[in-house]
Amino acid sequence: MKDYLWILVGIAVVVVLIALIVVWVRLRKKRIERLGVKGEKKVARILRPWAMVRNYKVINGLYLPLYDKTTEIGHIVIGFFGLIVIETKNMGGEIYGDARTKEWTHIIGGKKHKMYNPVMQNQAHIDCIRHCFAKENIYNINIDNVVVFANNKAQLFLQRDDAVIIKLRQFKKLLHKAKYDKDRDVDVDKLYNALMKYRVTDQALIARHDEDVALMAKKNR
């Protein structure tokens, strides 16, 4: 009888531990998602008034089809100069990498993690945009790849080459460069409508994308 009770106690302990682990993983996932959303909101707040006075358009959180999957693009600015496509990261700690290497290293709290190169990640977004434009016979549009680290505690140790990898305060300065006020005779509405035509709104596809992103992040830990 005593052995039977110990077995029940053991099973109960295992069940409780598993439940605690599941709760911890879910809470951690939600925290990471909140951090990401918070960073994107910071960038969106900067873009909104800047674009409004120039009659530019801003698209935040756009899902587009990518082969047999879906990709999410953080921010797209459409102006008379062309486009700025922005990938936002809101992580703290130390980030080491090279614009040409696939994986970067993220160190925080004494722990080292791998992360996918956000410059390459954003280039895939740009390629996707160009593919959508090509379907509408739109070509020769200037598109800038910009990666913004929105967390002021982030320390960047990067070989940038020509890539634009900046922190939030530098992003504000970037937007006031003369080239973003230059009129290249871009039809803003035409480009906006072309992208919105291919916008993914199916919640099942979006959920699948979010699951793929979470799985990739888990593999890099």
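For this structure, a couple of remarks:
- If you check I78, I46, I95, I86 for being under 17 Å from I141 (Cα atoms), over 13 Å from the mean Cα position of the chain (by Cα) and β-branched (V, I, T), only one passes: I78.
- Filtered residues of segment 137-151 (kept if in contact with a strand residue (DSSP E or B) (Cβ under 7 Å, 6 or more places away or on another chain) and closer than 26 Å to G93 by Cα): N145, V146, V147, V148, F149, A150
- Tally of residues being among the β-branched types (V, I, T) and touching a residue at least 60 places away in the same chain (Cβ under 8 Å) across segment 51-74: 3
- Comparison of R100, R48 shows that the only residue that is in contact (Cβ under 8 Å) with a residue 12 or more places away in the chain and of a type in the set (K, R) is R100.
- Scanning segment 103-123 for residues that are touching a residue at least 60 places away in the same chain (Cβ under 8 Å) and closer than 30 Å to R48 by Cα yields M115, Y116.
- With respect to (1) among the charged types (D, E, K, R); (2) under 20 Å from T70 (Cα atoms); (3) modelled with pLDDT under 95, the lone exception for K172 is condition (2).
- Within segment 174-204, the set of residues being loosely packed, with under 12 Cβ neighbours inside 10 Å and either in contact with a Gly (Cβ under 8 Å, 6 or more places away or on another chain) or of a type in the set (S, T, Y) (or both) comprises T201 only.
- Subset of segment 148-173 (residues that are surrounded by fewer than 17 Cβ atoms within 10 Å (Cβ to Cβ) and assigned to a helix (DSSP H, G or I)): R169, Q170, K172, K173
The values are calculated or read from the model by the stated rules, or taken from the named source; none is laboratory data. In this text the structure is predicted, and so the values were computed from the model without any measurement. Cβ coordinates were reconstructed from backbone atoms using ideal geometry, including for glycine residues, and neighbour counts include every protein chain displayed.
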